[in-house]
Amino acid sequence: MRDAATTVARLKRQVALFIKERDWEQFHSPKNLSMSISIESAELMEIFQWMEVSEARSKSSLPKMRAKIEEEIADISIYILSLCHALGLDLSSCIVSKIKKNRKRYPVEKCKGKW
């Protein structure tokens with residue numbers, strides 16, 4: 001499965017089925033899922049901890065590091081999809097709505113080329 005050929009809905013269904021088959025829905029409260037997103041995000045940050053920007057960029061292409069990064073991104077994404085499923089949220093709508101808000105908050109003419 002690749003991004004260009006996979007829908008968010010399909011991923012949500014796969015994650016939901018995986019969870020249902022294991023009877024984990026009982027543990028997937030919004031509180032637990034949001035905490036899990038934070039924990040997995042911290043694990044992703046830990047990979048890059050103490051690295052300079054250039055080092056982080058160059059080491060990210062090394063197979064062992066790339067595999068760790070991919071695993072943490074997958075964990076974060078799975079928990080996000082699980083939280084959306086648990087709350088009945090449409091992830092794509094959430095993202096599009098936030099981009100619209102950010103366009104107003106951060107117009108190109110005020111932001112482009114600035115730190």
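For Ser36, state whether it is without any contact (Cβ under 8 Å) to a residue 12 or more places away in the chain, surrounded by 12 or more Cβ atoms within 10 Å (Cβ to Cβ) and of a type in the set (Gly, Ala, Ser).
Criteria not met by Ser36.
Kindly indicate the residue of segment 15-31 that is under 20 Å from Glu71 (Cβ atoms) and assigned to a helix (DSSP H, G or I) and also nearest to the chain's Cα centre (by Cα) among those meeting that condition.
Here the answer is Val15.
Mind checking which residues of segment 65-83 are surrounded by fewer than 14 Cβ atoms within 10 Å (Cβ to Cβ) and of a type in the set (A, V, I, L, M)?
Scanning segment 65-83 gives Ala67, Ile73, Ala74.
For segment 62-91, which positions are acidic (Asp, Glu) and either part of a helix (DSSP H, G or I) or in contact (Cβ under 8 Å) with a residue 24 or more places away in the chain (or both)?
The first filter runs over segment 62-91 and keeps only residues acidic (Asp, Glu), leaving 70-72, 75, 90.
Hits for segment 62-91 are Glu70, Glu71, Glu72, Asp75.
Here is a yes/no grid of residues against (1) β-branched (Val, Ile, Thr); (2) at pLDDT 95 or above:
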residue	(1), (2)
Ser36	no, yes
Glu55	no, yes
Lys64	no, yes
Ile73	yes, yes
Cys84	no, yes
Gly88	no, yes
Ser93	no, yes
Lys104	no, yes
Lys114	no, no
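Can you pull out every residue in segment 44-61 that is over 21 Å from the mean Cα position of the chain (by Cα) and not in a helix (DSSP H, G or I)?
Across segment 44-61, the qualifying residues are Trp50, Met51, Glu52.
Is segment 52-64 home to any residue that is of a type outside the set (Gly, Ala, Ser), exposed (fewer than 13 other Cβ atoms within 10 Å of the Cβ) and within 29 Å of Glu25 (Cα to Cα)?
Checked against the condition, which is being of a type outside the set (Gly, Ala, Ser), exposed (fewer than 13 other Cβ atoms within 10 Å of the Cβ) and within 29 Å of Glu25 (Cα to Cα), segment 52-64 yields no hits at all.
The values are calculated or read from the model by the stated rules, or taken from the named source; none is laboratory data. What you see is a predicted model; the values in this text were computed from it and never measured. Note that each Cβ is placed from the backbone with ideal geometry, even for glycine, and that neighbours are counted across all protein chains shown.
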